Structures are given as C-alpha cells and as structure tokens.
1. Once you've got the GNM for the chain with C-alpha springs shorter than 10 Å, pick whichever of 326, 266, 56 has the biggest mean-square fluctuation.
2. Using C-alpha positions alone, give me the convex hull volume of the stretch 360-436 per residue in cubic angstrom.
3. Consider just the alpha-carbon atoms of the chain and return their Rg together with their Dmax, both in angstrom.
4. Take the Cα pairs of the stretch 27-155, get the Kirkwood Rh, then feed it into Stokes-Einstein at 25 °C and 0.890 mPa s and tell me D in µm²/s.
5. I'd like the distance separating the alpha-carbon centroids of the stretch 283-327 and the stretch 48-78, in whole Å.
6. In deg cm²/dmol, rounded to 500, what helix-only [θ] at 222 nm does the chain give when every DSSP H run of at least 4 residues adds -39500 (n - 2.57) and the total is split over its residues?
7. Any idea what the relative contact order of the stretch 219-310 is, in percent, if you count C-alpha pairs under 8 Å spaced at least 6 apart?
8. Roughly how far apart, in whole Å, are the Cα centres of the stretch 186-239 and the stretch 117-184?
C-alpha cells in the first residue's frame, strides 16, 4: 500500500511538473484561465526568451499547445496562402508546415486565419474564414478535409467570418451564426440562410448532427464571430452559444436548445454584430452586448425562454463595464473584463456585478485580444504587441513589454500560458517566454 501511494504521489508530482496544455482558444477551462504557476512577469524581446521563430504572415489565431506541440494557424503573405504550422514546444523547431488553401483575405481589415486551432492528445483541427476545415494527427498527416461553405452554403457575412472550433467530450463543434438574407452577393438568393450549430467526428470530419440556431435579429445583428463554449454546472453540461441578439444553452449530445435569453435589442437594431464569446463561472454566464452597451449576467441552469428574472445583474447604470471585442476571463472566483471601447480592465464579482478594482489600460493603442488570467496575473496585448502584466489582486501594473515594432496589421492574438511558459504571437514572430 505504501509503495502504491508513493507511485501515485510521484505521478501527481510529475503531472504538476509537466504543466498544463492550452488546447482551446480560451484555454483548459474554456474561460481564459489556467492553473499554471511560476509564470514570468519580467522579460524583453531579448531577455528571458526560451526561443522565438519567424512567422510568414499576420493572423489573429491564438497558439495552441498540447504536450510537446505548438500549433499555429497563419497566413503566408508572400505566397497568398493559408498555413497550418506545428513547432516543437521546447525548442521552437518547426516540425511541419502545411499549405491549406490559396488566398488569405477578401477585405483589408482581417484575414481568413483569424480562427484558432483546437487539439486533443492525438488530433489537431484547423479552421479558416474561407470555410476550410482540416484535421491532422500530431505528426502532420492529414486525416480529413472539408469546406463548410461547400457543404452548407456560402457564409452570409459583411466581414470575413471567424469562429474557433471546439473539441469537447470527443466531438468537434462549430457554429455559424449569419444573416438570413444575402449580403454583397454572398449567401443563398433563392432561400433563407440558416444559422446552425454543427457537431462532427474529430477523426473523420463526418457530420454527426446539424441543428438550426434560430434568431429574430435583423441583418448584421445576426452575424456573430463568437465561439461555442462548454460549461458544466450543477450536474448539467451544455454548449453556450451567443449571437443573433441571444444567448442559448444546448445539449452537447444532439444540439437541442435547452434555454434562451435575449432582451438586449428590443428595437432590433440592425448593426449589432457580436464578437465576444460567452464566459461562465460561479453559476453565472456573461454575454457582452455589442458596441458600448452593457454586460448581462445570466444565471446558469435555466429552461425554455428566459426573461430578465434570469439575470443576476446588468452593468447598465453607467455602461462603463462593457466589451465590444475581447471575451472576459474567469479566474480566482471573479470575472476579469477587458474593455476595448472604454480602455479599461476590471475585476468583477460574479454574483453582484460589483467592480472590485478597475484600471485604465496604458497607452493609446487598442486592446482587442482577450485576456489571459494565470498565476495571480492578467496578461494583455494591444495592437502593437505591447504586453501588459497586471496584478490580479489589486490591478497594479507589474510590467509593460514591447514585443514588436509597429506594423500595418493590428496584433489580435491572445497571450497563452502552457508548461511554465508564455506564448506571444505578433504578426511576424512567435515568442516562447520563460525557461526552456
């Protein structure tokens, strides 16, 4: 028995030493946080850098880390192609680089490599805004490939479409929340475009089910660039979807809608496209209304169509607590809300909405990348790759590090943490910060 306990303790210690992966855009807990400790707070472009590699082009996709692999979605500006790349986590050595498609953009503000990859211990999935969806094993062998637009119709979006795929409980999920009518010649002309939630087999890419995600929103307000997020609370797991003026919870096994809330756009304003994904913690789910409108906190566990009695709180008094692009993080029992439009970061009580502290983000450049919360710190990155480290306890700014020269394309990729390191992606480079 003593020997058995010793082996178990050794295994637990080994797992701690190995550190945590960052397998999804919002991390191992799907909320922008990780249990990683001893993460760096002081470094420069040349100091405390384990390795750095050059990247072939700009992308908003966040690096994904599983075991000894770092997966990166990228453009190649010189060749006008979309790339799926894999680096060795400990050294930065390139293990493989696959050309997935030609043509990197259709408008100047963004490109098709905005969605982040997603991975489990065997498979990595890359998705691009042109509809291309590809599965590889970790050695770089292509397992399957399909184009969602070819299968279900052209995306009806005014801007380039983006959503990151989700792997949860062995399934691959993807959402498409779009206009029901064509825009600029994109979308069906002879019938309504449907918004939908799609589940697939991660090993084959085959559709397991596709369910319509209805909406009463109009025109651009039907467009969402959010990502589906799983949440387990009080014995129930569901997939959270936000967009089209509504937040909804879906059964992971079949996509059936369990509940829906949506009262933030009673006049059906037509230009409220949605970017932030839902984030949940302590039995509360946040939905960030567009532009400079409030954040709504919905109590988990609902059933059917919910009214505003399901709300724990609304940040409507001053609208100072708001987010148009970044998705908040949940960490250490609280929400951390980064506002790109109010240029602030706030720590917020999940049950009451009370602001425990609030600071102004430094400088004049926008912070649109979603925050990382880990090791008692909040990590932010702005358009010119200034990384700001904030003390989660009181909002003190611990460091402000410039990681790139100003470039034409804004930096939108979130900082991530895995295995004791930070991964920071600029338009031209990928940095691994900290010890080897």
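1. In this elastic network of the chain, the residue with the biggest mean-square fluctuation among 326, 266, 56 is 266.
2. 87
3. For the chain, the Cα-based Rg and Dmax read 20.7, 72 Å.
4. The calculation lands on 155 µm²/s.
5. The stretch 283-327 and the stretch 48-78 have Cα centres spaced 33 Å from each other.
6. It lands at -1500 deg cm²/dmol.
7. Working: 197 pairs, mean separation 25.7, N = 92.
Answer for the stretch 219-310 is 28 percent.
8. Computed from Cα coordinates, the inter-centre distance equals 11 Å.
Here, each number is a calculation from the coordinates, and none is a lab measurement. Since this is a predicted model, take the numbers as computed values, not measurements. Note: ideal-geometry Cβ built from the backbone for every residue, glycine included; neighbour counts use all protein chains shown.
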